[in-house]
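The values are calculated or read from the model by the stated rules, or taken from the named source; none is laboratory data. Given the structure is predicted, the values throughout are model-derived calculations rather than measurements. Positions of Cβ are backbone-derived with ideal geometry, glycine not excepted, and every protein chain shown enters the neighbour counts.
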Amino acid sequence: MIAMRDSFDRDITYLRLSVTDLCDLRCRYCMPAEGVEKKRHEDICSVEELLEIARAAVACGVRKVRLTGGEPLVRRGILDICRGVAAIPGVEELCLTTNGVRLPALADGLRSAGVDRLNVSLDTLRPDRYAYITRVGRLEDVSAGLRAAEAAGFTGTKLNVVLMKGFNDDEIGDFVHLTEDRDIEVRFIELMPIGQGGAAEYLPCGAVLEACPDLEPVDLSGVARRYRRPGARGLVGLIQPMSCRFCNRCDRIRVTADGMLKPCLHSAGEIPLRGLHGLDLERAIRAGIAAKPERHHMAETGRSEAERDMNRIGG
Ligand code: SAM
Ligand code: SF4
């Protein structure tokens, strides 16, 4: 399938599909403390609807799908969703972003269902800080999740670390150290002023290079600039939506769990997909790709134009 090119000459090949708004954690920069109101069953895409959307996106040129949320592993039927997406001809890569807490129970199933790679979010290596930032989480659960993922045969797992000034900037060296003898990529992500993002303090990714001046540039991979410590097995990725906007390399569209296509994470624009089928569904997806804005304006305005919290878009 030929990829669809948007109005700014970008090939759109990547779908981030949110399967739920719900989550078993309450990260301060993502979710309100009280969580989110559970939507009525009928207000969330069914497994069949999600698969229909994924199939139509593939017909429009998508080749990589990431399942996200909220926390995808709390979604009932997650293994059916994975199996269904992996079986779509044309899907070359199926990934999933998770907080890792439920991996001990689900890692084997995800692997058998055809998930190729995992991103696991982990902002601190200290149990007390983890409990603080997630409000309800236990670091030992994620550690067990990472071990379960490895035992299930997942390789190239990425750790997502949101950089927060005064919270985890003194752990940059510890995270980079993890890459020395492990086949992982630690990805430092700049905090974005979206939803609850104001609950923590922004720190540019330049802080990573200041803390670890021995990091050597490797390549650009999607939206990440990647580095390696000399002799290390793993990689360090910097994702800099704020300090080094990568919109010119954006290759993605997003679909929320309630079936709205978001051409850009940071714009208010949404295109409803529910109720559409076949060519009508494809036409709506193509319209969404054509509507992708050139770039976001967060650096100038200090805020995202998205009108949803991250858990309700799919980070
Ligand atoms: N629950 C899963 C998880 O935590 O990995 C998937 C959904 S979560 C919304 C996806 C990613 O978005 C996580 O890595 C999270 O840290 C990140 N995120 C959430 N809010 C953010 C913000 N305001 N700025 C930057 N990243 C954010
Ligand atoms: Fe849940 Fe992920 Fe948001 Fe944390 S970042 S509250 S784990 S959706």
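Kindly check whether there is at least one residue in the stretch 215-228 that is within 16 Å of ligand 2 (Cβ to nearest atom), in contact (Cβ under 8 Å) with a residue 40 or more places away in the chain and under 27 Å from E93 (Cα atoms).
No; the residues of the stretch 215-228 include none that is within 16 Å of ligand 2 (Cβ to nearest atom), in contact (Cβ under 8 Å) with a residue 40 or more places away in the chain and under 27 Å from E93 (Cα atoms).
Within the set of pairs 6 or more residues apart or between chains, which connect a residue that is closer than 15 Å to R138 by Cβ inside the stretch 96-125 to a residue that is of a type in the set (D, E, K, R) and in a strand (DSSP E or B) with Cβ atoms less than 9 Å apart?
V120/K158
For the list (1) under 21 Å from the mean Cα position of the chain (by Cα); (2) over 17 Å from Y29 (Cβ atoms); (3) modelled with pLDDT under 95, I need the number of the one condition that G195 fails.
Condition not satisfied by G195: (2).
Return the pairs, sorted by first residue and then second, in which the second residue is within 12 Å of ligand 1 (Cβ to nearest atom) and among the charged types (D, E, K, R), the first residue lies in the stretch 27-43 and is farther than 21 Å from L122 by Cα and touching a residue at least 24 places away in the same chain (Cβ under 8 Å), the beta carbons are less than 9 Å apart, and the residues are 6+ apart or on different chains.
V36/D21; V36/D309; V36/R312; K39/D21
Taking the stated definitions as given, is A54 more than 16 Å from ligand 1 (Cβ to nearest atom) and over 22 Å from L118 (Cα atoms)?
no
Mind checking which pairs have a first residue in the stretch 180-208 that is touching a residue at least 24 places away in the same chain (Cβ under 8 Å) and a second that is within 16 Å of ligand 2 (Cβ to nearest atom) and among the basic types (K, R), Cβ under 6 Å, 6 or more apart or different chains?
E185/K158; R187/K158; A199/R28
Can you find, within the stretch 254-271, the residue that is nearest to the chain's Cα centre (by Cα) among those that are farther than 21 Å from V36 by Cα and surrounded by fewer than 20 Cβ atoms within 10 Å (Cβ to Cβ)?
Once the filter is applied, the top-ranked residue is S267.
Any residue that is of a type in the set (D, E, K, R), under 22 Å from L203 (Cα atoms) and surrounded by fewer than 16 Cβ atoms within 10 Å (Cβ to Cβ) - is there at least one of those in the stretch 141-162?
no
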